[in-house]
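The values are calculated or read from the model by the stated rules, or taken from the named source; none is laboratory data. Owing to the predicted nature of the structure, the values given are computational and were not obtained by experimental measurement. Every residue, glycine as well, gets a Cβ built from its backbone with ideal geometry; the counts of neighbours run over all protein chains shown.
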DNA sequence: AATATTTTATGAACACTGTTCAGTAAAAAG
DNA sequence: CTTTTTACTGAACAGTGTTCATAAAATATT
């Protein structure tokens, strides 16, 4: 049955076109400025049409959220072949920091706004975030195995590194690092991350 | 001129009543659910009246933001008499973490949403946040002076502690710590904070 | 005390928003 | 060429923040 296939394909394409249009608007104007009516107008569709493909706005947010995680993950995977686990960890850190500072709205949607999360509260369908986190854990475990880090509790190390880097990025994105005079906040954050790695190596 | 005084007092009271009503709604229903029309209706005023006291919604957000910082600051000051600087630092950490987890909407407004910050971008009137930060820096400096911490760069130590604790709290508030199985996330966060302090003491 | 002036509050109007749903046009099936 | 299924529309609803001419209340002046 070729028609059903084509229809399904067209439906997927439509879904993706909606997401692309939404992502563009959202990346430009910000999280709360995203308007479904504007998305529909931009696509030359009626507002109601979007609801044939998504239950509501939050479901669109969740789909965007998912796509953003894939972007970050792809950047992560580029560095997975670095042999030395410590260098790999450093590359992951730099990538994460640079991604966050250069894609403020995407980062906001992924790690800060809670709308997409609450939508999914029931199901455990936040796999995307977990996969990204797992990449960090694997690299940290490799550092432990290579005896860079004396602390063998990988989750404890993961908690502190993940929180510190996310904390720095999100503070900067919301202009809460003004007490630090440095002109390049990206350098400040990278340096602090390196400092944390040094701490983890020494004890 | 007693009348002018009274009028000014009444205006301040009105302003405060608006903020109190807004704070109540906002704490209950969340950041983006705060509706000026509902605030006005609750106070039995017309919507337009609010605009005689505030330029717009963001100015109300900023005023609330300011009041929230005062609350946190008051809690901080309770611990300033603890003689040992390390114990003082620990108390500050516990207070911050507990405040964040128990006042999610307030914390959100203070450290996460950016609307109130952008409103004030021009002026340097984000004093409230800076004062709170300064309390942390002072305690950290005291720890350095008491030779608890070998690292003499207080801003570096401040950056890492502030970011880590903020990172943990904000991740938990937005349900992004699900990969950690612990049932009490508050304990997890406090333990990780203590772990960070241990790291800072050893090198 | 009566009038003029200033301050304060109103509520309709505007331009938006997400969401729903009866009705219609297009496509596929019979 | 009909019938049925699918895709889409656009008006309607209930909200939102914000503005502004108008009205009421409070104060100042005569």
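How many residues does region A:44-54 contain that are more than 10 Å from DNA strand D (Cβ to nearest atom) and either within 14 Å of another protein chain (Cβ to nearest Cβ) or exposed (fewer than 11 other Cβ atoms within 10 Å of the Cβ) (or both)? Here the count works out to 0. Taking region A:160-185 as the range and being in a helix (DSSP H, G or I) and over 17 Å from the mean Cα position of the chain (by Cα) as the test, the residues that pass are A:160, A:185. Only one of the numbered conditions (1) more than 10 Å from DNA strand D (Cβ to nearest atom); (2) away from chain A (no Cβ under 14 Å) is violated by residue B:41, and that is (1). State whether the residues of region A:62-73 include one that is at pLDDT 95 or above, in contact with a helix residue (DSSP H, G or I) (Cβ under 8 Å, 6 or more places away or on another chain) and farther than 22 Å from residue A:34 by Cα. Checked against the condition, which is being at pLDDT 95 or above, in contact with a helix residue (DSSP H, G or I) (Cβ under 8 Å, 6 or more places away or on another chain) and farther than 22 Å from residue A:34 by Cα, region A:62-73 yields at least one hit. Only one entry of A:183, A:172, A:113, A:127 meets the criterion of being out of contact with any helix residue (DSSP H, G or I) (no Cβ under 7 Å at 6 or more places or on another chain) and either farther than 30 Å from residue A:54 by Cα or at the interface with chain B (Cβ under 8 Å from one of its Cβ atoms) (or both), and that entry is A:183. Kindly indicate whether any position in region B:74-81 is surrounded by fewer than 21 Cβ atoms within 10 Å (Cβ to Cβ) and touching a residue at least 60 places away in the same chain (Cβ under 8 Å). Checked region B:74-81: no residue is surrounded by fewer than 21 Cβ atoms within 10 Å (Cβ to Cβ) and touching a residue at least 60 places away in the same chain (Cβ under 8 Å). When restricted to residues that are touching a helix residue (DSSP H, G or I) at 6+ places or on another chain (Cβ under 7 Å) and either more than 9 Å from chain B (Cβ to nearest Cβ) or in a helix (DSSP H, G or I) (or both), region A:150-159 contains 6. With respect to residue B:40, determine if the residue is more than 10 Å from DNA strand C (Cβ to nearest atom) and buried (at least 17 other Cβ atoms within 10 Å of the Cβ). Considered against the rule, which asks whether it is more than 10 Å from DNA strand C (Cβ to nearest atom) and buried (at least 17 other Cβ atoms within 10 Å of the Cβ), residue B:40 comes out as no. Among the candidates A:140, A:196, the residue that is in a helix (DSSP H, G or I), farther than 18 Å from residue B:171 by Cα and at the interface with chain B (Cβ under 9 Å from one of its Cβ atoms) is uniquely A:196.
With respect to (1) part of a loop (DSSP other than H, G, I, E, B); (2) facing chain A (nearest Cβ under 8 Å); (3) modelled with pLDDT of 95 or more, the lone exception for residue B:188 is condition (1). Of all residues in region A:16-31, those being touching a residue at least 40 places away in the same chain (Cβ under 8 Å), within 16 Å of DNA strand D (Cβ to nearest atom) and away from chain B (no Cβ under 14 Å) number 3. Restricting A:33, A:28 to residues that are surrounded by fewer than 11 Cβ atoms within 10 Å (Cβ to Cβ) and under 30 Å from residue A:102 (Cβ atoms) narrows the list to A:28. Considering A:92, A:86, the condition of being away from DNA strand D (no atom under 16 Å from the Cβ), crowded, with 19+ Cβ neighbours inside 10 Å, away from chain B (no Cβ under 14 Å) and in contact (Cβ under 8 Å) with a residue 24 or more places away in the chain is satisfied by A:92 alone. Note on region A:1-15: among residues that are free of Cβ contacts under 8 Å to residues at least 24 places away in the same chain and away from DNA strand C (no atom under 13 Å from the Cβ), the one that is nearest to residue A:39 (Cα to Cα) is A:13.
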